[in-house]
1. Quick check, is B:F109 within 16 Å of DNA strand C (Cβ to nearest atom) and either over 30 Å from A:R141 (Cβ atoms) or surrounded by 14 or more Cβ atoms within 10 Å (Cβ to Cβ) (or both)?
2. Take A:V183 and tell me if it is over 18 Å from A:S224 (Cβ atoms) and open to solvent by less than 60 Å² (accessible area, probe 1.4 Å).
3. Aromatic (F, W, Y), more than 13 Å from DNA strand C (Cβ to nearest atom) and surrounded by fewer than 17 Cβ atoms within 10 Å (Cβ to Cβ): is that true of A:F165 in this structure?
4. Out of the residues in the stretch B:169-196 that are within 14 Å of chain A (Cβ to nearest Cβ) and acidic (D, E), state the one that is nearest to DNA strand C (Cβ to nearest atom).
5. Testing A:S221 on (1) within 12 Å of DNA strand D (Cβ to nearest atom); (2) open to solvent by 40 Å² or more (accessible area, probe 1.4 Å); (3) closer than 25 Å to B:R219 by Cβ; (4) not β-branched (V, I, T), one condition comes back false. Which one is that?
6. Out of the stretch A:139-192, which residues are within 16 Å of A:I206 (Cβ to Cβ), acidic (D, E) and at pLDDT below 95?
7. Please state which one of B:L50, B:L77 is more than 14 Å from every other protein chain (Cβ to nearest Cβ) and closer than 17 Å to B:E111 by Cα.
8. Residue pairs, Cβ under 8 Å, 6 or more apart or interchain, first in the stretch B:137-166 and without any contact (Cβ under 8 Å) to a residue 24 or more places away in the chain, second part of a helix (DSSP H, G or I) and within 16 Å of DNA strand D (Cβ to nearest atom). List them.
There are 2 protein chains.
Amino acid sequence: MTGKIFIIEDEPSIIQLVQHNLEKEGFVVSSSLNGNEGLKELKKFQPNLLLLDWMLPDLSGIDVCKNIRRDNIFRNLPIIMLTAKGEEEDKIKGLDSGVDDYITKPFSFNELLSRIKAVLRRSDPKIVSDLLEFEDLKLDRVEKRVFRDKQELKLGPTEFRLLEFFLLNPKRVFSRDQILESVWPNNINVEGRTIDVHIRRLRQSINTKDKKELIRTVRSSGYSLI
Amino acid sequence: MTGKIFIIEDEPSIIQLVQHNLEKEGFVVSSSLNGNEGLKELKKFQPNLLLLDWMLPDLSGIDVCKNIRRDNIFRNLPIIMLTAKGEEEDKIKGLDSGVDDYITKPFSFNELLSRIKAVLRRSDPKIVSDLLEFEDLKLDRVEKRVFRDKQELKLGPTEFRLLEFFLLNPKRVFSRDQILESVWPNNINVEGRTIDVHIRRLRQSINTKDKKELIRTVRSSGYSLI
DNA sequence: TTATTATGTTACAAAATTGTTACAAACTAA
DNA sequence: TTAGTTTGTAACAATTTTGTAACATAATAA
């Protein structure tokens with residue numbers, strides 16, 4: 001999961017929720033609170049998919065949509081429309097607005113995620129791959145398996161989640177706090193050197209002999225894949 | 001059941017329901033919300049069967065159907081039309097539109113499934129095979145019999161459904177919740193270690209001596225066939 | 001250099017997860 | 001009905017995983 005998703009939605013709480021969860025899934029996410037600004041940002045951001053609210057303070061979602069469909073570059077940008085329940089569902093359907101899917105609020109994040117995956121699978125199957133790769137490392141999120149150069153590695157649950165986390169943003173340095181928040185279950189608090197020890201365990205698991213170190217320590221900052 | 005099914009239908013809730021259940025049955029599924037886009041996607045997706053809504057925002061189902069029947073490659077694509085109740089039933093029947101079957105909304109999923117199977121059985125009998133296989137394991141869904149390498153195994157009802165479930169998605173890791181939802185009858189709630197015990201029973205039944213273990217335990221995640 | 005701080009490494013007990021067995025209740029077939 | 005299956009759950013055993021402390025080593029600053 002490595003695509004870019006743009007959100008145009010005027011409710012900050014929804015953006016907050018969706019953005020945070022999508023980033024956890026490995027997407028790069030950006031957003032705007034209104035239509036006009038959104039259209040501008042869109043071109044800079046070059047997303048693989050757009051989440052578009054139906055009711056916006058300035059333009060309507062439909063206007064934005066039409067605008068995009070006229071554009072040469074973004075004509076084929078997949079769009080998922082967010083609508084409040086009962087909110088002119090008929091209009092959305094009736095109008096040939098070129099929306100790829102729509103979902104009515106309130107929705108669960110998992111429901112949204114599965115639709116995003118479905119739409120992306122149609123437009124660009126590479127993006128929704130459940131296989132994370134980095135150098136000679138492969139992690140299969142469906143089968144829960146990890147390979148280094150053909151050879152399967154045996155990781156514990158936390159080691160697996162930790163590696164999965166790093167693979168979603170290779171090369172990027174994460175602080176211990178960031179790692180904690182993303183890898184450990186919510187409202188669990190571990191303290192002290194716990195993460196260091198888990199890093200050590202992960203290192204031991206993936207560093208088969210005569211293979212180069214893949215986890216870099218950035219002193220006083222954190223760790224990263226390299 | 002290994003075929004590909006494409007859906008053209010403008011109500012996401014119906015797509016959601018049908019897609020989810022068809023995938024449970026082992027089909028690969030993709031969809032579009034309108035006729036024009038659907039026709040394009042169709043060619044990329046190369047389905048074995050098409051579920052086509054009668055009322056679409058742009059083209060009518062009939063238009064789509066005619067369009068397909070003119071196509072050289074998809075001339076013989078089996079099509080099942082979905083219609084709202086009383087919605088011009090006569091026309092559909094009367095019209096020689098080249099539809100293979102139709103079903104009126106609302107319909108039960110099982111009703112749809114049996115029609116799909118019937119149509120597929122005519123067009124491509126291999127696809128509706130009721131034989132699930134994995135390595136040296138064979139499960140016959142019609143005769144309700146299981147073989148491991150020629151030798152018949154005797155499974156209890158729950159063991160059978162459990163194995164059937166795993167065979168529909170071999171290698172994939174399922175959580176206990178997912179297993180519960182798919183294998184146990186709806187709104188039944190079992191709790192605690194029930195699933196683990198059933199897994200143990202299934203293991204005992206299929207692990208004839210000197211055969212390798214086929215069910216993998218993924219700690220903190222669930223189980224999978226392997 | 002030395003002092004200080006951050007990270008690596010090891011060990012271990014507690015906690016969590018899974019395997020296994022047994023058994024009573026529910027269900028089936030005859 | 002009765003005899004035989006099947007099912008859910010509890011109880012206990014075996015195993016793995018986890019967090020933390022303690023000590024070693026490396027990096028940095030003074």
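1. Working: within 16 Å of DNA strand C (Cβ to nearest atom): no; either over 30 Å from A:R141 (Cβ atoms) or surrounded by 14 or more Cβ atoms within 10 Å (Cβ to Cβ) (or both): yes.
No, not satisfied.
2. On the way: over 18 Å from A:S224 (Cβ atoms): no; open to solvent by less than 60 Å² (accessible area, probe 1.4 Å): yes.
In short, no.
3. On the way: aromatic (F, W, Y): yes; more than 13 Å from DNA strand C (Cβ to nearest atom): yes; surrounded by fewer than 17 Cβ atoms within 10 Å (Cβ to Cβ): no.
Judged against the criteria, A:F165 is not a match.
4. Per the stated criteria, the residue is B:D177.
5. Every listed condition holds for A:S221 apart from (3).
6. A:D149
7. Values: B:L77 fails: closer than 17 Å to B:E111 by Cα.
Among B:L50, B:L77, only B:L50 is more than 14 Å from every other protein chain (Cβ to nearest Cβ) and closer than 17 Å to B:E111 by Cα.
8. Correct list of pairs: B:R141/B:E164; B:K144/B:F160; B:R161/B:V183; B:F165/B:I179; B:F165/B:S182; B:F165/B:V183.
The values are calculated or read from the model by the stated rules, or taken from the named source; none is laboratory data. Everything numeric in this text was worked out from a predicted model, so none of it was measured. Methodologically, a virtual Cβ is constructed for each residue, glycine included, from the backbone with ideal geometry; neighbour enumeration extends over all protein chains shown. These accessible areas exclude ligands, DNA and RNA; they are computed on the full protein's heavy atoms, side chains included. Shrake-Rupley method; radii C 1.70, N 1.55, O 1.52, S 1.80 Å.
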